[in-house]
Amino acid sequence: MFCAIWPEAAQRLGVVLPLLALVTLASVPLATNAGEWLERHVESDALVRRHAELGDGLLAGGLFVLAFVVWWALGRSAPGAPDGTRRPATLLRLAAAVLSLVVAAGAVVDVYRIGDSGAKAAWHDGFSRTAAHGGDQD
């Protein structure tokens, strides 16, 4: 979103912008594979299955596509200022910024929900409600 609003930042990043989004996209199957391995090695219950289902639903592809579109649009932008600099069309920048905000917010919510469900699955029976060392005293 930041690069869609401020094209100069995206121009400074250059090809790094879509490459970072590609790294993010590539990390999703890695995390999913690690989760699937762990799922096969722990007792299955409703919380573990819920965590796996949420993990399978994470869509990082939208972030990659938007980062690529912003990067690509900067290279094909219409001429702007009289000094010869090129600026992307305001409407395209605004649309990319709004879409980036929506997709990024959705990804953050998904990651939070996946992490929360994983913590619940890991800790639901793995702790005692009473302190093991007699309280909070050190």
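Assorted remarks:
- If only residues of the stretch 98-130 that are modelled with pLDDT of 65 or more and not in a helix (DSSP H, G or I) are counted, the one that is nearest to the chain's Cα centre (by Cα) is His124.
- Only a single criterion out of (1) open to solvent by 90 Å² or more (accessible area, probe 1.4 Å); (2) within 19 Å of the chain's Cα centre (by Cα) is not satisfied by Arg49, namely (2).
To keep it simple, each residue is scored yes or no on (1) of a type in the set (A, V, I, L, M); (2) in contact (Cβ under 8 Å) with a residue 40 or more places away in the chain.
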residue	(1), (2)
Trp6	no, no
Val28	yes, no
Ala31	yes, no
Glu36	no, no
Val48	yes, yes
Gly61	no, no
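The values are calculated or read from the model by the stated rules, or taken from the named source; none is laboratory data. None of these values were measured; they are calculated from a predicted model. Here Cβ is always computed from backbone atoms with ideal geometry, including for glycine, and neighbour counts include all displayed protein chains. Accessible surface is based on the protein model in full, side chains and every heavy atom, while ligands, DNA and RNA are left aside. Shrake-Rupley method; radii C 1.70, N 1.55, O 1.52, S 1.80 Å.
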